[in-house]
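The values are calculated or read from the model by the stated rules, or taken from the named source; none is laboratory data. Quantities reported herein were computed from a predicted structural model and do not represent experimental measurements. Note that each Cβ is placed from the backbone with ideal geometry, even for glycine, and that neighbours are counted across all protein chains shown.
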Amino acid sequence: MRVDHRLADELRELGARNISQCYSCGVCTAICPLSEEGREIPRRMVRYAVLGLRDRLERSLEPWLCYYCGECTKSCPRGADPGALMMAVRRYLITRYDFTGISRVLYRSPLAEALLAAALFLAVVLGVYFLHGPVNLERVDMESFLPAGVVDAADIAVAATLASLLLANAYRMYRLTRRGPRLPLTAYITELVKTVPPHFFTQLRMLKCRGSVRDWVMHALTAYGYGIVFVLVVLFLRAIHAGVYPAAHPLRLAGYVASALLLAGAGYAIYGRARRSSVARQYSHPTDWLFLILLLLTTLTGVALHVFKYLNMPLEAYVCYAVHLGLAAPLLILEVPFAKWSHIAYRPLAIYFARLNELRARRLQPSP
Ligand code: SF4
Ligand code: SF4
């Protein structure tokens with residue numbers, strides 16, 4: 001067992017500011033709503049962090065089960081803030097899964113993160129400025145301004161790159177957390193179907209953890225909003241860009257619903273963090289803020305673009321489109337594989353991988 005005393009300092013940088021105060025009383029585990037399943041949450045992670053057990057921490061899936069209800073933090077007699085430690089561990093694990101090292105840069109340096117986001121924004125806006133086609137000021141003509149083929153090709157390239165990065169990181173997560181021998185292929189498929197879609201569509205773990213129906217509804221609606229936008233952008237961007245759908249077309253209505261969900265979700269989260277309305281919102285890492293602000297602004301400019309199109313205001317629509325694409329670039333490129341949005345993949349995968357580990361443990365038990 002390797003002991004690394006730098007671990008606590010690294011986690012402190014990621015938000016676990018008081019963890020050295022812990023004297024291992026176990027009150028946090030007694031109060032944690034997830035501990036009933038026989039897991040020692042969060043005390044085990046606190047111990048790993050304090051003792052510098054980096055390997056064990058990295059092999060753990062438990063941090064992904066926690067949605068930061070804050071009960072452990074409220075009841076800790078030493079003010080060690082174990083809830084913040086669990087959040088910091090999730091950030092740390094993202095940096096360990098990511099083979100490129102970009103997550104590490106984003107989480108360690110808010111300045112580097114802001115500069116990267118600004119560089120991506122400027123690259124896209126300047127790209128549109130220099131490469132756009134004829135500007136029709138008589139009517140909004142997106143197809144002339146930016147041909148659908150160009151937008152479609154860029155969309156596919158970005159989607160393929162992000163999916164590849166996320167898959168590679170998910171595979172590293174699997175390798176790090178796997179305990180035991182290989183299973184039959186059918187077990188991988190069956191458990192995947194049984195764990196990932198139900199978790200994604202119900203988000204029930206969050207309700208179980210936080211116990212707040214309002215938080216759960218807002219979280220689930222934001223996830224649905226993102227899911228709808230993802231499907232529209234990946235599958236129908238070309239037609240949406242060219243404006244071929246009439247106003248009441250189901251795909252347009254789906255876009256309106258998704259925009260409303262994302263605005264509500266991002267607004268609710270920003271409001272809660274600004275007011276520090278709960279224990280879980282007392283401390284926000286700069287990456288949390290950047291994610292929420294980009295999400296809000298990208299959605300707002302998407303809505304404004306529709307309004308300008310509807311009112312036939314060509315110049316405003318073209319400028320708004322360039323800004324919208326500029327904001328979407330850091331939101332997708334930085335957040336999906338390297339920061340906050342990767343939770344959407346790692347949380348259900350953690351449940352899946354934990355289930356596979358359970359099956360492996362059963363196979364290793366001697367038969368009676
Ligand atoms: S984090 Fe707090 S409640 Fe949990 S074991 Fe340490 S001192 Fe006790
Ligand atoms: S924040 Fe809530 S779910 Fe997470 S470890 Fe603490 S008590 Fe458990």
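Is it fair to say Met87 is within 16 Å of ligand 1 (Cβ to nearest atom), touching a Phe, Trp or Tyr at 6+ places or on another chain (Cβ under 9 Å), hydrophobic (A, V, I, L, M, F, W, C) and more than 20 Å from Ala317 (Cβ to Cβ)?
Working: within 16 Å of ligand 1 (Cβ to nearest atom): yes; touching a Phe, Trp or Tyr at 6+ places or on another chain (Cβ under 9 Å): yes; hydrophobic (A, V, I, L, M, F, W, C): yes; more than 20 Å from Ala317 (Cβ to Cβ): yes.
For Met87, the condition - within 16 Å of ligand 1 (Cβ to nearest atom), touching a Phe, Trp or Tyr at 6+ places or on another chain (Cβ under 9 Å), hydrophobic (A, V, I, L, M, F, W, C) and more than 20 Å from Ala317 (Cβ to Cβ) - is met.
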Return the pairs, sorted by first residue and then second, in which the second residue is outside any helix (DSSP H, G or I) and surrounded by fewer than 17 Cβ atoms within 10 Å (Cβ to Cβ), the first residue lies in the stretch 278-289 and is in the same structural domain as Leu106 (by TED's automatic domain parsing), the beta carbons are less than 6 Å apart, and the residues are 6+ apart or on different chains.
Gln282/Arg276
Pull out all pairs, ordered by first then second residue, where Cβ-Cβ is under 8 Å, the residues are six or more apart or on different chains, the first lies in the stretch 159-172 and is among the charged types (D, E, K, R), and the second is assigned to a helix (DSSP H, G or I).
Arg172/Arg96; Arg172/Tyr97
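Just to be sure I understand, how many residues within the stretch 310-355 are closer than 20 Å to Arg139 by Cα, modelled with pLDDT of 90 or more and not acidic (Asp, Glu)?
Just the residues of the stretch 310-355 that are closer than 20 Å to Arg139 by Cα, to begin with: 310-324.
If we keep only those that are modelled with pLDDT of 90 or more as well, we get 311-324.
After this cut, where a residue has to be not acidic (Asp, Glu) as well, the list is 311-315, 317-324.
Selection size over the stretch 310-355: 13.
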Name every residue in the stretch 246-299 that is within 16 Å of ligand 1 (Cβ to nearest atom) and surrounded by 15 or more Cβ atoms within 10 Å (Cβ to Cβ), in order of residue number.
Val279, Ala280, Tyr283
Would it be correct to say that Leu11 is touching a residue at least 24 places away in the same chain (Cβ under 8 Å), within 20 Å of Arg108 (Cβ to Cβ) and in contact with a Phe, Trp or Tyr (Cβ under 7 Å, 6 or more places away or on another chain)?
yes
Are any of the residues in the stretch 23-32 part of a loop (DSSP other than H, G, I, E, B) and within 14 Å of ligand 2 (Cβ to nearest atom)?
yes
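Which residues, taken from the stretch 44-83, are aliphatic (A, V, I, L, M) and within 9 Å of ligand 2 (Cβ to nearest atom)? Talk me through it step by step, then tell me what you get.
Keep residues of the stretch 44-83 that are aliphatic (A, V, I, L, M), which gives 45-46, 49-51, 53, 57, 61, 65, 80.
Scanning the stretch 44-83 gives Met45, Leu65.
Within the stretch 192-201, is even one residue at pLDDT below 85 and under 28 Å from Ala280 (Cα atoms)? Give the derivation first.
Going residue by residue through the stretch 192-201, those that are at pLDDT below 85 are 200-201.
Filter once more, so that each one left must be under 28 Å from Ala280 (Cα atoms): 200-201.
Checked the stretch 192-201: at least one residue is at pLDDT below 85 and under 28 Å from Ala280 (Cα atoms).
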From the residues in the stretch 33-55 that are assigned to a loop (DSSP other than H, G, I, E, B) and at pLDDT 90 or above, which one is nearest to Pro110 (Cα to Cα)?
Gly52
Based on this model, can you work out whether Gly26 counts as within 18 Å of the chain's Cα centre (by Cα) and over 19 Å from Phe353 (Cα atoms)?
no
Looking only at the stretch 45-84, how many residues end up being more than 10 Å from ligand 1 (Cβ to nearest atom) and in contact with an Asp or Glu (Cβ under 7 Å, 6 or more places away or on another chain)?
2
